[in-house]
Amino acid sequence: MDKKYIGKFISNIREEKKLTQEELAKSLGVSKRKIQKIEKGKFKINSDVIIPLCNELKISIYEFLNGHKDIW
């Protein structure tokens, strides 16, 4: 698992959805700094944030962990 790659993926998905880091942080109930850390790949896998993040961005946990959208 490449955390920097995952972080870039999260950043790209957030931007596709036209969300700022601040907006995403507010919707998740976390700080903007937490979103910045995730997008820079400096995060710990923590289901308290990861599951709501995946739900908000409409991605699966599998997509999050692999850093890319599933195309089936």
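Annotations
- Apart from one condition, Lys44 fits all of (1) in a loop (DSSP other than H, G, I, E, B); (2) basic (Lys, Arg); (3) open to solvent by less than 70 Å² (accessible area, probe 1.4 Å); the exception is (3).
- Within region 14-24, tally of residues that are closer than 21 Å to Asn66 by Cα and surrounded by fewer than 17 Cβ atoms within 10 Å (Cβ to Cβ): 3
- The residue list Ser27, Ser11, Ser60 contains one member that is surrounded by 15 or more Cβ atoms within 10 Å (Cβ to Cβ) and small (Gly, Ala, Ser), which is Ser11.
- Test: residue in region 49-57 that is in a loop (DSSP other than H, G, I, E, B) and open to solvent by 20 Å² or more (accessible area, probe 1.4 Å): no
The values are calculated or read from the model by the stated rules, or taken from the named source; none is laboratory data. Just so we're clear, the structure is a prediction, and the values are computed from it rather than from any experiment. Here Cβ is always computed from backbone atoms with ideal geometry, including for glycine, and neighbour counts include all displayed protein chains. Heads up: the accessible areas ignore ligands, DNA and RNA and are worked out on the full protein's heavy atoms, side chains in. Shrake-Rupley method; radii C 1.70, N 1.55, O 1.52, S 1.80 Å.
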